[in-house]
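A.B. asks: Quick one: structure below, then a few questions.
Nothing in this text is a laboratory measurement; each read-out follows from the coordinates by a stated rule. Just so it is clear, the model here is predicted, and its values are computed rather than measured. Here Cβ is always computed from backbone atoms with ideal geometry, including for glycine, and neighbour counts include all displayed protein chains.
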Amino acid sequence: MGWYTGLIRGLNKAFLQLEAGLNAIFTNKYNPLYYHGALPQFFLWVLFLSGLLLFAYYIPTIDNAYVSKAVVNSWKSVDYISNSLPFGGVIRGLHRYAGDAMVLTILLHTIRVWFTDRYRQYRWVQWISGVVLLFMVLFIGQTGYYLVWDQRSLLLTRMTVSAFDALGPMGGTLKTLFLNGEAITNLTLSNFLFIHIGLSFALLFGLWVHYMRMTRPVLTPPPAINYIMMALTLLVVFLFPITSGKMADLNAAPTMFDMDIWFLWPYWLFANMAAMPSGAIQFWAVMVLGTIVLCLIPMPGLFVPKSQPPVSAAEVVINKCTGCSLCYNDCPFQAIEMVPAPAGSRFKLLATILPYRCSSCGVCVGSCAFDAVDLPELTDAQVNTQIKQLLGAKA
């Protein structure tokens with residue numbers, strides 16, 4: 001057994017012990033760890049609803065282009081939402097902390113998938129799309145900090161421009177696209193708002209790609225867990241109310257800001273590396289290399305020893321298959337297709353296995369009422385024998 005396999009098994013064992021402890025408290029039905037993939041989507045709906053309310057009062061300008069007694073630019077519109085609009089501060093805080101909670105639950109989901117080694121072969125689409133979704137969520141959250149347009153927003157914008165400047169001609173193009181021009185103007189804030197909202201809706205397409213190989217993905221936790229998550233988020237909102245810094249001044253040079261570890265860690269990394277020679281280039285090298293490593297993790301043989309045998313796909317016993325489609329409907333990875341039966345068959349359809357998608361999980365074996373599906377290394381008869389032995393031992 002290789003070091004990586006041993007590490008994963010040890011971590012998985014620890015995670016299972018944690019699950020067992022939570023089962024004793026919440027029962028199997030309400031154990032939050034069993035909904036680690038659905039929790040981020042719950043917070044996504046909270047972000048959509050709270051963001052819609054904030055959008056109704058937000059003005060994407062940096063000057064007095066829109067004259068009103070209450071709000072005149074981005075900073076003052078956010079100040080109006082936070083301090084004058086009834087429950088506006090609560091909605092803003094809910095939007096901020098739901099974003100933090102979404103990143104936290106995404107990391108929980110990632111760790112759980114990693115510890116259980118469920119990201120290889122047939123699951124590579126979910127892993128790669130998950131990495132893309134994570135970076136999309138991080139960038140959307142960063143644009144949310146730009147929209148406040150306080151001193152921190154200005155500093156983050158200038159740091160982003162400095163990072164783009166290090167990329168040469170390509171960086172100049174990215175800088176122009178980022179600022180919506182050559183300098184910070186009202187169009188810059190409009191661009192930030194477009195990116196923030198546009199990428200948020202693009203997440204829905206990314207989620208479709210993430211789910212498309214799953215037959216029955218769990219899209220939302222039970223209502224009781226949703227109520228608890230919402231209550232905890234609101235508790236944080238009231239304990240740590242959100243505030244803005246001073247209004248951004250293009251003629252000033254802010255030098256520090258409060259750190260949000262979930263969204264702004266790339267800026268912390270850039271600030272520490274920019275002081276070194278060629279620090280900006282090194283920053284991009286670290287970010288690109290880190291992304292490539294994350295994407296390559298599910299590639300065969302990267303960590304798993306070559307001596308470890310690959311997953312053996314299930315097999316259909318043709319002379320027993322009736323074409324009932326039960327295995328096709330139950331397969332969680334769409335690894336079974338129903339194809340026309342050959343001429344002379346009593347049935348119209350027969351099941352066939354797609355080996356590159358099969359995880360050898362055995363769901364199809366249990367769903368077949370005619371013993372027409374077997375696992376090469378564990379036949380249906382052997383499974384039934386083991387079940388009887390376990391039942392006999394329990395009795």
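A.B. asks: Could you give each residue of the range 170-184 its phi-based ³J(HN,Hα) in whole Hz, using Karplus coefficients 6.51, -1.76, 1.60 with θ = phi - 60°, and x for Gly or Pro?
C.D. replies: 5, x, x, 5, 5, 4, 5, 5, 5, 7, 6, x, 8, 9, 6
A.B. asks: Give the separation of the Cα centroids, the range 206-241 to the range 139-176, in Å.
C.D. replies: 30 Å
A.B. asks: Report the charge-dipole magnitude of the range 2-296 in Debye, nearest 20, computed about the Cα centre from +1 at each Lys and Arg Cβ and -1 at each Asp and Glu Cβ.
C.D. replies: Working: 17 positive and 11 negative charges, 178 e Å.
Here the range 2-296 has a charge dipole of around 860 debye.
A.B. asks: What per residue convex hull volume, in Å³, comes out for the range 164-265 when only alpha-carbon positions are used?
C.D. replies: Spread over its residues, the Cα hull of the range 164-265 gives 186 Å³ apiece.
A.B. asks: Sticking with this one: In whole Hz and in residue order, list the ³J(HN,Hα) couplings for the range 278-286 that follow from phi through the Karplus curve 6.51 cos²θ - 1.76 cosθ + 1.60, θ = phi - 60°; x for Gly and Pro.
C.D. replies: 6, x, 5, 5, 5, 4, 5, 4, 5
A.B. asks: Could you let me know the centre-to-centre spacing of the range 334-351 and the range 37-54, using Cα atoms, in angstrom?
C.D. replies: A separation of 43 Å, based on Cα centres.
A.B. asks: Another question about this same structure. Around LEU349, which amide H atoms from residues at least 5 apart in sequence, or from another chain, sit under 5 Å from its own amide H, with H modelled in the peptide plane?
C.D. replies: ALA341
A.B. asks: Using only Cα atoms, find the angle between the long axis of helix 151-165 and the longest principal axis of the chain, and express it within 0 to 90 degrees, rounded to the nearest 10.
C.D. replies: So the helix axis and the longest Cα principal axis differ by about 70 degrees.
A.B. asks: Report the Cα-based extents of the chain along its three principal axes, largest first, to the nearest Å.
C.D. replies: Reported extents, whole Å, longest axis first: 80, 48, 45.
A.B. asks: In vacuo Debye scattering of the range 315-394, one point per C-alpha: log10 I(q)/I(0) at q = 0.11, 0.12, 0.26, 0.27 Å⁻¹?
C.D. replies: With one equal scatterer per Cα and no solvent, log10 I(q)/I(0) is -0.30, -0.36, -1.24, -1.31.
A.B. asks: Can you list the residues, at least 5 places off or on another chain, whose amide H is less than 5 Å from the amide H of ASP150, using H built in the peptide plane?
C.D. replies: ALA248
A.B. asks: Send over the per residue convex hull volume for the range 87-187, Cα only, as a whole number of Å³.
C.D. replies: Values: hull volume 14.4 nm³, N = 101.
For the range 87-187, the hull spanned by Cα atoms encloses 142 Å³ per residue.
A.B. asks: Going by amide H atoms built from the backbone, whose H comes under 5 Å of the H on ILE184, apart from near neighbours?
C.D. replies: Under 5 Å from the amide H of ILE184: no residue qualifies.
A.B. asks: Could you point to the residue in ILE62, THR143, GLY181 farthest towards the positive end of the chain's charge dipole, with +1 and -1 charges on the Cβ of Lys/Arg and Asp/Glu respectively?
C.D. replies: Looking along the dipole axis, the top candidate is THR143.
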